[in-house]
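Enquirer: Submitted below is the structure of interest, expressed as structure tokens.
The values are calculated or read from the model by the stated rules, or taken from the named source; none is laboratory data. Model, not experiment: these values are computed from the prediction. Cβ placement follows ideal geometry from the backbone for every residue including glycine, while neighbour counts extend to all protein chains displayed. Note: areas computed on protein heavy atoms with side chains; ligands, DNA, RNA excluded. Shrake-Rupley method; radii C 1.70, N 1.55, O 1.52, S 1.80 Å.
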Amino acid sequence: MTVTKYSANGNDFVIFISKVKEDRSDLARRLCHRQNGVGADGLVVVMPHPDYDFEWDFYNSDGSYASMCGNASRAVAHYAHEKGISKDNKALFLTGAGVIRATINGMYVVSDMVPPKIISTDIQEYGEVLWLIDSGVPHIVAIRDSVEEFDLSWAKEMREKYNANVNICTIEDDALFVRTYERGVEDETLACGTGMVACFIRCFREDLVTTTMKVYPKSGDELYVSFEDGVYRFGGKVTKTFIAETIDI
């Protein structure tokens, strides 16, 4: 097996190509294990598709299947471009959440996100109002005065209660700062693309941000989220970390 490791702003993935679609939950757990495997937040399997450049299966590090992952969409778009699976600096591929379009410019990749679903705008928890937004996968979004403190026990409780990723965000100096507790990883992650988009969506719908915003996850990397022509877009740099030609997992 040949796998490629990518990092997208601290959110890391193992990617490989297969012609066979099958359940790889156990393989995902083994490959993503930080001590005994390659180590990653998720596994992406790239497979052929008759109508698109490719389709993917995405697994979290605990082996659970996820419909969408914003950072992984940018990483896999770059991977497919390098492999010649997609052409002309563009990628069109099928995820569990729908079709994703991506544009590749060097290591900078922009993904057009799937149309979001605003599930609830009035969840009352611990004296604050939370939104539940499906931006490819479900996300709880809380707007705070600061993201310096992130109570992970609270985040775990919200994650289990609503079966969603949990985000806190704040706006400072014309930028959006986001921290995310991610299901499947069951901990805070350095970056979550769909989480950053979900936070932007809430802030945009409440007229708190402009149509294009810098976004900073816990990793401190600079990304951009925008709303253009009716489409939410998410862009930033990706890094190809290494290629493992053979591994025994």
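Enquirer: Report relative contact order for the chain in percent, whole number only (criteria: Cα-Cα under 8 Å, sequence separation at least 6). Provide the component values of the computation, followed by the final result.
Expert: Working: 603 pairs, mean separation 49.9, N = 249.
Relative contact order here is 20 percent.
Enquirer: If you don't mind, there's one more thing I want to ask. Hand me the trypsin sites (Lys or Arg not before Pro) from the range 1-102 located in a DSSP loop with no more than 13 other Cβ atoms within 10 Å, in residue order please.
Expert: Answer in residue order: 19, 21, 34, 87.
Enquirer: P(r) for the range 124-249, please, calculated from all Cα pair distances in 5 Å bins and given in %.
Expert: Each 5 Å bin holds this share of Cα pairs: 2, 11, 21, 24, 18, 11, 6, 4, 2, 1, 0.
Enquirer: Moving to a separate point now. Step by step: find N for the range 183-233, compute 2.2 N^0.38 Å, then divide the Cα radius of gyration by it. What's the final number?
Expert: Working: Rg = 11.7 Å, N = 51, 2.2 N^0.38 = 9.8 Å.
After normalising by residue count via 2.2 N^0.38 Å, the value is 1.19.
Enquirer: No partner Cβ under 4.7 angstrom, meaning no disulfide-compatible partner by this rule: which Cys of the chain qualify?
Expert: If one checks each Cβ against the other cysteines of the chain, 32, 69, 192, 203 turn up with nothing under 4.7 Å.
Enquirer: Something else about it: Charges only on Cβ, +1 for Lys and Arg, -1 for Asp and Glu: so what's the dipole of the chain about the Cα centre, in debye to the nearest 20?
Expert: 780 debye
Enquirer: Where the accessible area of the range 80-163 is counted over protein heavy atoms with a 1.4 Å probe, how much of it, in %, is carbon and sulfur? Before the final figure, lay out the partial values.
Expert: On the way: 2130 of 4440 Å².
After summing per-atom areas, the C and S share lands at 48 percent.
Enquirer: So if R0 is 25 Å, what FRET efficiency would residue 154 and residue 64 give, r being the distance between their Cβ atoms, rounded to the nearest 0.05?
Expert: Values: r = 22 Å, r/R0 = 0.87.
For residue 154 and residue 64, the calculated efficiency is 0.70.
Enquirer: Now, a different point. Quick check for you: with a 1.4 Å probe and neighbouring chains kept, what is the accessible area per residue of the chain, in Å²? List each step's numbers first, then the result.
Expert: On the way: 11000 Å² over 249 residues.
Value for the chain: 44 Å² per residue.
Enquirer: Just to be sure I understand: if I project the alpha-carbon convex hull of the range 79-183 onto a plane and average over all orientations, what area do I get in nm²?
Expert: Seen from a random direction, the Cα hull of the range 79-183 projects 8.5 nm² on average.
Enquirer: Taking the Cβ-Cβ separation of residue 245 and residue 212 as r and a Förster radius of 41 Å, what is the calculated FRET efficiency to the nearest 0.05?
Expert: Rounded to the nearest 0.05, the efficiency is 0.50.
Enquirer: Please compute P(r) over all alpha-carbon pairs of the chain, binned at 10 Å starting from zero, and give each bin as a whole-number percent.
Expert: 8, 34, 37, 18, 4, 0
Enquirer: Can you tell me the FRET efficiency between residue 107 and residue 52 if r is taken as the Cβ-Cβ distance and R0 is 25 Å, rounded to the nearest 0.05?
Expert: Efficiency computed from Cβ-Cβ geometry: 0.65.
Enquirer: Excluding residues on the same chain fewer than 8 positions from residue 237, give the lysines whose Cα lies under 20 Å from its Cα.
Expert: Straight-distance partners of residue 237: 5, 83, 87, 90, 214, 218.
Enquirer: Spin-label point model (7 Å from Cα, Cβ direction): what's the residue 20 to residue 33 distance in nm?
Expert: With each label point 7 Å from Cα toward Cβ, the separation is 2.1 nm.
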